[in-house]
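A quick write-up on the structure given underneath.
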Amino acid sequence: GESVGLHLPTLSVQEGDNSIINCAYSNSASDYFIWYKQESGKGPQFIIDIRSNMDKRQGQRVTVLLNKTVKHLSLQIAATQPGDSAVYLCAGGSQAGTALIFGKGTTLSVSS
Amino acid sequence: EPEVTQTPSHQVTQMGQEVILRCVPISNHLYFYWYRQILGQKVEFLVSFYNNEISEKSEIFDDQFSVERPDGSNFTLKIRSTKLEDSAMYFCASSEVAGGTGELFFGEGSRLTVL
């Protein structure tokens, strides 16, 4: 079945560093990917998304990279701030369905 | 900014009782979803709903679960006879396009505790 997973459950960085959070997926049919930020006790909040016809997409301080060859995507956060501390979730979907399949999440801790 | 709202924020119930979780999706959205997250686990898809019927459901969404859009604004998840393992955070979400291809907007969640 389809699965989406993250490489590391936790990541600790210093304020001002760049953070890279990785995610792998197994379903070749996945053609839409999305990163969410989840703060403690809250619902997932949209960060950035990317479709399979793209390799890279940039937002404000965030960049998502997609490597379809190895079924891998990453989220890069520039100049990480304490407010970026949260659980980061990657999810994948496809035109064949309506469900997003989530990975377990990476907990990002930013120390000042 | 429009948002998805959920009630109650926390519900405690006895095993075997019926629970109804309520959601008000974003008004111009057409697709509605329920996801759940057991403490420390992944966010798991339960069901999607479009045009007044279920579009897709997961293995978790068995006969104990049902969804309904009773009026033009509310979207509910009913658990007929709760079990201990139903304890989780339940998230409602909505989207303009099908969830496999576009952003889902999530509510803050309803925490269900089954004793």
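The values are calculated or read from the model by the stated rules, or taken from the named source; none is laboratory data. Source: prediction; values computed, not measured. A quick note on method: Cβ atoms are made from the backbone with ideal geometry, for glycine too, and the neighbour counts reach across all protein chains shown. All accessible areas refer to the heavy atoms of the entire protein, side chains included, with ligands and DNA or RNA removed. Shrake-Rupley method; radii C 1.70, N 1.55, O 1.52, S 1.80 Å.
Here are some notes:
- Condition check for A:T107: surrounded by 20 or more Cβ atoms within 10 Å (Cβ to Cβ) and in contact (Cβ under 8 Å) with a residue 60 or more places away in the chain: no
- When B:Y90, B:Y31 are screened for being at pLDDT 95 or above and either in contact with a helix residue (DSSP H, G or I) (Cβ under 7 Å, 6 or more places away or on another chain) or surrounded by 16 or more Cβ atoms within 10 Å (Cβ to Cβ) (or both), only B:Y90 passes.
- B:E1 meets all of the listed conditions (1) within 14 Å of chain A (Cβ to nearest Cβ); (2) in contact with a strand residue (DSSP E or B) (Cβ under 8 Å, 6 or more places away or on another chain); (3) of a type outside the set (G, A, S); (4) in a loop (DSSP other than H, G, I, E, B) but one, namely (2).
- Of everything in the stretch B:93-110 that is of a type outside the set (D, E, K, R) and without any contact (Cβ under 8 Å) to a residue 60 or more places away in the chain, the residue that is surrounded by the most Cβ atoms within 10 Å (Cβ to Cβ) is B:G100.
- For the stretch A:81-98, the candidate set comprises residues that are open to solvent by less than 10 Å² (accessible area, probe 1.4 Å) and facing chain B (nearest Cβ under 10 Å); within that set, the residue that is farthest from B:K57 (Cα to Cα) is A:L89.
- Cβ-Cβ distances below 7 Å connect the following pairs, each with a first residue in the stretch A:73-85 that is of a type in the set (D, E), a second residue that is buried (at least 22 other Cβ atoms within 10 Å of the Cβ), and a separation of six or more residues or different chains: A:D84/A:I77.
- Among the residues of the stretch A:27-46, those that are within 10 Å of another protein chain (Cβ to nearest Cβ) and open to solvent by less than 40 Å² (accessible area, probe 1.4 Å) comprise A:S30, A:D31, A:Y32, A:I34, A:Y36, A:Q38, A:G43, A:P44.
- Selection count, the stretch B:61-87, where residues are crowded, with 16+ Cβ neighbours inside 10 Å and more than 12 Å from the chain's Cα centre (by Cα): 3
- Of the numbered criteria (1) within 21 Å of B:E3 (Cα to Cα); (2) in contact (Cβ under 8 Å) with a residue 40 or more places away in the chain, the one A:A99 fails is (2).
- Hits in the stretch A:55-80 - residues which are in contact with a Phe, Trp or Tyr (Cβ under 7 Å, 6 or more places away or on another chain), part of a strand (DSSP E or B) and either at pLDDT below 95 or open to solvent by 40 Å² or more (accessible area, probe 1.4 Å) (or both): A:L73
- Among the residues of this structure, B:T113 counts as one that is of a type in the set (V, I, T), more than 26 Å from B:L30 (Cα to Cα) and open to solvent by 10 Å² or more (accessible area, probe 1.4 Å).
- Selection of first residues in the stretch A:1-14 that are part of a strand (DSSP E or B) and surrounded by 13 or more Cβ atoms within 10 Å (Cβ to Cβ) and of second residues that are at pLDDT 90 or above and acidic (D, E), restricted to Cβ pairs under 9 Å at least 6 apart or on distinct chains, gives the following pairs, ordered by first then second residue: A:V13/A:D84.
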